[in-house]
Amino acid sequence: MTAESDLREKLAACARIYAMQGMLGLFGHVSAYDPEAGKIFITPGMGSDKAKLRATDMVVMDLDGKVVEGDGRPPVEWPIHTALHAARKDALAVAHLHSPYATLFAIAKRKFRPVTLQGAIFSSGVPLYNEAHLITTPERGKRLVEAIGNQRASLLRAHGIVVAGKNLAEVLYASLILEDDSKKSLQAATLGKLSFVSPEESQAFGAEIALARRAQRAWDYFSHLEARWDRQPATGKMELFP
Ligand SMILES: [Zn+2]
């Protein structure tokens, strides 16, 4: 398998896993950047069925957002991906999701703080992109890069989230954690005051060192589940926003 076909396969698998988890549906997209080839591979635009994406469905763009191969249609918010891939060496994979629980933090403008040990990977913060619009121009992409700084995720007000990482496994894992910690925060808040994992506790947990290993385990686990997923939500009902 060539590096490109491997990346395409992984990107398609990543999109299908997100779809299985109810985090990617009508809206949202995922990309991976190959800096040597100067190519960004990205899931196709709005309306594509993310649960059925295959390696050959990926759109190929350059860092200017120009489609350089095939006649695929990139998502309108492609500047999220081009801006982050261009600006950060550690952002070789980027996901933009309207994941239901994490998005609530972006609506409430509530500061995200980890409530589980897994969530410790976000102990240094998840900045808010405060502008309520789609990121459809390189200028807006640049402002997102400024907002996210060197953090691994950003909340987009009235919209969703962006997660960046060294590879697709890391981005998948981090976004699953962000979503799960958001959900747990909301649920636990009904029981009383939340207790957060402090930066010191996060550091003691060794979040950064263990991340690659945990991300790979999560990838293997969810790939396995996805391989036998029947592609139907359990209720038979899919919402506008997953
Ligand atoms: Zn969006």
**Request:** Scan the range 6-18 for residues that are within 16 Å of the ligand (Cβ to nearest atom) and more than 12 Å from the chain's Cα centre (by Cα) and report the count.
**Result:** 0
**Request:** List the number of the failed condition for ARG54; all other conditions in (1) touching a helix residue (DSSP H, G or I) at 6+ places or on another chain (Cβ under 6 Å); (2) surrounded by 15 or more Cβ atoms within 10 Å (Cβ to Cβ) hold.
**Result:** (2)
**Item:** Hey, ALA215 surrounded by 16 or more Cβ atoms within 10 Å (Cβ to Cβ) and on the phi < 0 side of the Ramachandran plot or not
**Value:** yes
**Message:** Report every pair of residues separated by at least 6 positions or lying on different chains whose Cβ atoms are under 7 Å apart, first residue within the range 147-171 and in a loop (DSSP other than H, G, I, E, B), second more than 12 Å from the ligand (Cβ to nearest atom) and of a type in the set (Lys, Arg).
**Reply:** ARG157/LYS109
**Prompt:** Which ones in the range 70-100 are away from the ligand (no atom under 16 Å from the Cβ), farther than 13 Å from TYR33 by Cα and out of contact with any strand residue (DSSP E or B) (no Cβ under 8 Å at 6 or more places or on another chain)?
**Reply:** ASP71
**Fill in**
Flagged pairs (Cβ under 6 angstrom, 6 or more apart or on separate chains; first in the range 132-143, over 20 Å from GLY45 (Cβ atoms); second outside any helix (DSSP H, G or I) and at pLDDT 95 or above) are ALA132/ARG157; ALA132/ALA158
**Message:** List the residue pairs whose Cβ atoms are under 9 Å apart, where the first residue sits in the range 67-91 and is on the phi > 0 side of the Ramachandran plot, the second is surrounded by 23 or more Cβ atoms within 10 Å (Cβ to Cβ) and at pLDDT 95 or above, and the two are 6 or more positions apart or on different chains.
**Reply:** GLY70/MET58; GLY70/VAL59
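The values are calculated or read from the model by the stated rules, or taken from the named source; none is laboratory data. The structure presented is a predicted model; accordingly, all values stated were derived computationally and were not measured. Ideal geometry is used to build each Cβ from the backbone, glycine not excepted, and the neighbour counts take in all protein chains shown.
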